[in-house]
Amino acid sequence: MILDMAFDMNGNPSHWVRRHAPLIVPGGRVLDLACGGGRHALMLAAMGFQVEAVDRDAEAVAALGTREPRIATRVADLEGGPWPYYGCAFDGIVVSNYLYRPLLPQIMNALDVNGVLIYETFMVGNERFGKPSNPAFLLRQGELLDVVRPKLKVVAFEQGEVDLPRPAMIQRLCATRAIGWSLPPGDGDS
């Protein structure tokens with residue numbers, strides 16, 4: 001599900017993404033998955049990355065594509081259509097305010113060696129604060145760690161209640177596909 005409510009209501013990039021983006025190889029290729037209005041794509045392009053921004057909202061993607069030449073855009077239904085990045089490898093992948101569990105293997109598989117995954121979204125307990133409140137769109141306690149640890153090296157992880165930019169329950173993770181690590185054959189290829 002793509003959330004109608006951005007975590008930062010002012011359209012500012014997440015401090016988590018800002019903090020960990022410098023770990024991505026300079027000038028690297030970065031995927032902003034479910035990019036919405038493109039707050040992270042714009043920040044990453046300004047940092048010198050080549051950005052691929054994807055979302056199902058054709059209007060938002062079209063507007064973003066005219067703002068910055070280092071951003072390539074793609075309209076795709078990440079939940080109802082085929083994975084658009086099969087066979088692609090990115091130096092960084094940013095996911096913010098989005099959770100569709102069946103894509104997690106494909107996301108990790110799309111990381112190049114030494115690629116950096118920066119993920120931040122809502123978790124169980126957020127229903128106290130409003131949307132999202134559906135458990136299908138809320139991570140369980142430690143869920144990102146459980147999914148990522150067998151495949152990636154965790155650099156940083158946080159979970160719990162935050163007050164800014166608005167009260168919410170969130171989970172944040174930064175992980176890398178370390179040198180010498182590879183996905184088992186067939187993992188994440190569906």
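Taken together, the values in this text are just the output of simple stated rules run on the coordinates, not laboratory data. Predicted model, so just to flag it, every value in this text is computed and none were measured. A quick note on method: Cβ atoms are made from the backbone with ideal geometry, for glycine too, and the neighbour counts reach across all protein chains shown.
Only a single criterion out of (1) surrounded by 14 or more Cβ atoms within 10 Å (Cβ to Cβ); (2) out of contact with any Leu (no Cβ under 9 Å at 6 or more places or on another chain) is not satisfied by Asn126, namely (2).
Within the stretch 48-67, being surrounded by fewer than 21 Cβ atoms within 10 Å (Cβ to Cβ), in contact with a strand residue (DSSP E or B) (Cβ under 9 Å, 6 or more places away or on another chain) and within 26 Å of Asn114 (Cα to Cα) holds for Gln50, Val54. Scanning the stretch 70-95 for residues that are of a type in the set (D, E, K, R) and either buried (at least 23 other Cβ atoms within 10 Å of the Cβ) or in contact with a strand residue (DSSP E or B) (Cβ under 6 Å, 6 or more places away or on another chain) (or both) turns up Arg70, Arg74, Asp91.
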